[in-house]
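**Student:** First the structure, which I've put down as structure tokens, then a few questions once you've had a look.
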Amino acid sequence: MANDRPLAAHEILDALENVSDNEEDYRERLICILPPPVDPDCLTDEDSGKEDNVTLNNLPRNILLQPAEVMIQGQIMVSDTEEEPSDSTGRTKRRRTYAWRKRDLAKNPVNWPDVQGACQDKRPIEWFENFLDEDVISLLVSESNKYAVKKNLPGDITTEDMKCFIGILLVSGYSWLPRRRMYWENSPDTKNELISSAMTRDRFDFIFRHLHVNDNLDLQDKYTKVRPLVTLLNKKFLEFSPLEEHYSVDEATIPYYGRHGCKQHIKGKPIRYGFKAWVGATRLGYVLWMEPYQGATTMCNPIYKELGLGASVVLTFCDVLISRGFDLPYHVVFDNFFTGTPLLEEITKKGLRCTGTVRENRTSSCPLITSKLLKKKERGAVDYRTTHDNTFIIAKWHDNNIFSIASNAVGINTKQSAKRFSQSEKRNIVIEEPHMVSIYNKYMGGVDRSDENISHYRIGIRGKKWYMPLLTHMIDLAEHNAWQLYKINHGKLDHLGFRRRVAIALIESNRKNAKRGPSRPSHHEHADSRKDQMHHLVIPQSKQTRCRQCHKKCLTRCKKCDVGVCVKCFETSFINSVNLVNYI
């Protein structure tokens with residue numbers, strides 16, 4: 001029966017609260033409540049609540065009983081993505097709901113074509129020069145000379161100087177000294193004859209102080225100092241990259257201990273302090289793409305910004321793979337920092353495949369068994385659901401711990417056997433591992449493998465400028481990628497042997513042949529052995545040299561110290577000193 005009386009405010013509120021969550025009506029509703037009548041007998045100054053914090057819970061009874069009207073504004077909103085950005089009216093995001101089914105993901109198997117080229121027999125230096133070619137060297141030379149001229153110094157760095165300089169940097173990765181000047185020190189325990197004979201110490205210091213990449217600064221880019229080199233090397237990494245089916249996306253850390261707004265502290269990582277970078281790599285660690293992290297201004301494709309940072313990074317790397325032009329269904333693997341149902345749908349639209357662990361609050365209310373109940377089941381138990389349109393699958397597996405994983409490419413079957421150690425039984429046991437977990441474990445470690453390889457022989461010479469670790473890291477990365485190509489083409493050298501060959505080739509082919517004059521001996525040469533009063537004898541020498549004490553010409557030398565000394569100075573030092581000699 002119709003009721004023409006106006007509804008009270010509390011009746012309207014009850015009706016709105018009882019609206020079913022399944023109704024697809026998200027229009028804005030405004031409630032207008034008529035003012036209550038003034039009661040002349042009510043004399044009080046008390047308020048029902050603060051005026052700037054009025055909620056439904058603190059409205060007084062006389063207001064809730066007043067007639068009210070509700071006005072509905074806006075259009076019905078339906079979204080295909082998990083989350084929608086808020087509009088100008090401040091409307092909150094809504095999540096897409098899925099219809100889930102308890103079945104495995106049914107996808108046709110992919111026959112990956114064999115499109116690799118013929119094996120190339122190249123020397124290590126030729127593989128390295130694929131990346132640090134004339135374009136990169138000319139960029140370093142021209143910008144470094146401009147930087148030196150701005151400081152009123154001669155901009156005379158040549159291409160040969162820069163290549164020899166890079167060779168010395170590579171040597172410092174496996175022949176490390178705590179101070180770079182020790183490579184030129186005239187002391188038998190530190191002097192490196194290869195380095196000291198190729199370039200003078202002052203010349204190396206000059207190039208190192210003025211090493212520069214970019215002079216046209218972009219205030220929106222926090223890494224503008226190194227941006228041209230990163231862009232150029234990313235292009236070359238992609239050009240020579242091996243064509244593989246599986247790739248991984250993860251974060252890498254470049255060690256840095258100074259002060260900079262982009263420096264990160266990541267607890268529990270091998271490198272806790274430094275610059276963070278997003279990296280896409282193959283299973284063995286060849287890096288195709290690297291982008292330094294700088295917060296909200298990270299250089300990712302802006303069209304993916306609404307999906308969040310993690311999804312933007314993965315989708316930007318997917319665009320890099322698609323830009324190769326082979327139109328192949330690449331398979332990208334990533335961890336739970338990136339994974340979400342919107343990302344799975346976007347990658348599916350691009351025609352690519354993906355697998356990644358996922359956090360439980362990003363599963364779009366997938367009705368999986370709770371972790372508490374799954375943990376009570378036997379080890380290896382799994383629960384899974386697939387979307388009604390067979391787009392992707394989300395599963396939860398009981399291993400050492402409970403974790404969730406999602407994929408749009410592979411499902412649970414065919415399960416494989418995995419060996420685990422049972423803490424309760426104190427022995428190794430065999431459990432069933434879902435196929436999607438096997439794919440994730442096999443291909444996820446590419447970025448970590450590249451980090452490990454680089455860390456073994458990272459350039460040891462450090463500078464004071466904040467961007468110097470980034471420049472040296474890009475050189476290390478180019479050398480590492482060159483070694484990866486060398487190994488793919490059946491090279492026999494390990495990483496250390498490959499790096500040594502590249503460094504020696506760069507130094508010997510670009511060294512200066514100018515003859516150096518005599519250098520001053522080290523202050524610590526024979527500092528203790530010359531005063532031990534043991535086995536110091538004067539012996540003749542075939543070539544005339546200078547006496548180390550009086551600097552006159554002499555034909556004798558000390559047998560133990562191996563320095564020129566005349567008999568008179570040797571005798572004088574022996575008689576007038578408690579120690580044996582003081583001629584050094």
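**Student:** Calculated FRET efficiency, Leu555 and Asp135, Cβ-Cβ r, R0 51 Å, to nearest 0.05? Provide the component values of the computation, followed by the final result.
**Tutor:** Details: r = 58 Å, r/R0 = 1.13.
That pair, Leu555 with Asp135, gives E of 0.35.
**Student:** Which of the trypsin sites (Lys or Arg not before Pro) across segment 259-339 are loop residues per DSSP, with 13 or fewer other Cβ within 10 Å?
**Tutor:** On the way: sites: Arg259, Lys263, Lys267, Arg272, Lys276, Arg283, Lys305, Arg324; in loops: Arg259, Lys267, Arg272, Arg283, Arg324.
Counting only loop positions with at most 13 other Cβ atoms within 10 Å, the trypsin sites (Lys or Arg not before Pro) in segment 259-339 are Arg259, Lys267, Arg272.
**Student:** Then there's this: Per 0.36 nm of contour for each residue apart, how much would the distance between Asn108 and Lys269 grow if the chain were fully extended, relative to their Cα-Cα spacing? Please report the intermediate quantities before stating the final value.
**Tutor:** On the way: separation 161, 0.36 × 161 = 57.96 nm, distance 3.86 nm.
Extra length from Asn108 to Lys269 when fully extended: 54.1 nm.
**Student:** What three numbers, in Å, describe the spread of the alpha carbons of segment 115-253 along their principal axes, ordered from the longest?
**Tutor:** Projected onto its principal axes, the Cα set of segment 115-253 covers 53, 41, 28 Å.
**Student:** If you don't mind, another one. Between segment 343-385 and segment 274-340, what is the separation of their alpha carbon centroids in Å?
**Tutor:** 21 Å
**Student:** Using only the Cα atoms of segment 284-398, each taken as one equal point scatterer with no solvent, compute I(q) by the Debye sum, divide by I(0), and report log10 of the ratio at q = 0.20 Å⁻¹.
**Tutor:** The calculated log intensity ratios at q = 0.20 Å⁻¹ are -1.14.
**Student:** Can you give me the distance in nm between label points at Arg101 and Lys464, each placed 7 Å from the Cα along the Cα-to-Cβ direction?
**Tutor:** 6.8 nm
**Student:** What do you get when you divide the Cα radius of gyration of segment 329-394 by 2.2 N^0.38 Å, with N the number of residues? Mind dumping the intermediate values first?
**Tutor:** Values: Rg = 13.1 Å, N = 66, 2.2 N^0.38 = 10.8 Å.
Relative to the 2.2 N^0.38 Å estimate, segment 329-394 comes out at 1.21.
**Student:** Let me ask you something else. Give the calculated FRET efficiency between Lys492 and Lys377 to the nearest 0.05, with a Förster radius of 45 Å applied to their Cβ-Cβ distance.
**Tutor:** Working: r = 49 Å, r/R0 = 1.10.
Working from the Cβ atoms, E equals 0.35.
**Student:** In debye, nearest 20: dipole of segment 266-392 around its Cα centre with unit charges on the Cβ of K, R (+) and D, E (-)? Provide the component values of the computation, followed by the final result.
**Tutor:** Working: 18 positive and 11 negative charges, 142 e Å.
Charge dipole, segment 266-392, about its Cα centre: 680 debye, nearest 20.
**Student:** Quick check: with the 1.4 Å probe, what order do Leu217, Leu374 take by accessible area, largest first? Don't jump to the answer; show the numbers that get you there.
**Tutor:** Details: Leu217 95, Leu374 0 Å².
Per-residue accessible area, sorted high to low, gives Leu217, Leu374.
**Student:** Please work out the Cα center distance from segment 539-571 to segment 418-462, rounded to the nearest Å.
**Tutor:** Segment 539-571 and segment 418-462 have Cα centres spaced 63 Å from each other.
**Student:** A further question on this structure: Cross-link candidates for Lys376: which lysines have Cα within less than 27 Å, leaving aside residues fewer than 8 places away along the same chain?
**Tutor:** Cross-link targets: Lys102, Lys396, Lys415, Lys419, Lys426.
**Student:** Okay, moving on. Could you work out how much longer the chain between Asn361 and Leu537 gets when fully extended? Use 0.36 nm per residue separation minus the Cα distance between them, nm to one decimal. Don't skip to the end; give the middle numbers.
**Tutor:** Working: separation 176, 0.36 × 176 = 63.36 nm, distance 8.23 nm.
In short, 55.1 nm is gained.
**Student:** In square nanometres, what is one fourth of the surface area of the convex hull spanned by the alpha carbons of segment 176-326?
**Tutor:** Details: hull surface 50.6 nm².
That works out to 12.7 nm², a quarter of the Cα hull's surface.
**Student:** Please work out the average accessible area per residue across segment 107-174, using the 1.4 Å probe convention, and give it in Å². Mind dumping the intermediate values first?
**Tutor:** Details: 3490 Å² over 68 residues.
Normalised by residue count, the accessible surface of segment 107-174 is 51 Å².
The values are calculated or read from the model by the stated rules, or taken from the named source; none is laboratory data. A quick note: this is a predicted structure, and the numbers were derived from the prediction, not measured. Virtual Cβ from ideal backbone geometry, glycine too; neighbours counted across all protein chains shown. Heavy atoms of the whole protein, side chains included, go into the accessibility calculation; ligands, DNA and RNA do not. Shrake-Rupley method; radii C 1.70, N 1.55, O 1.52, S 1.80 Å.
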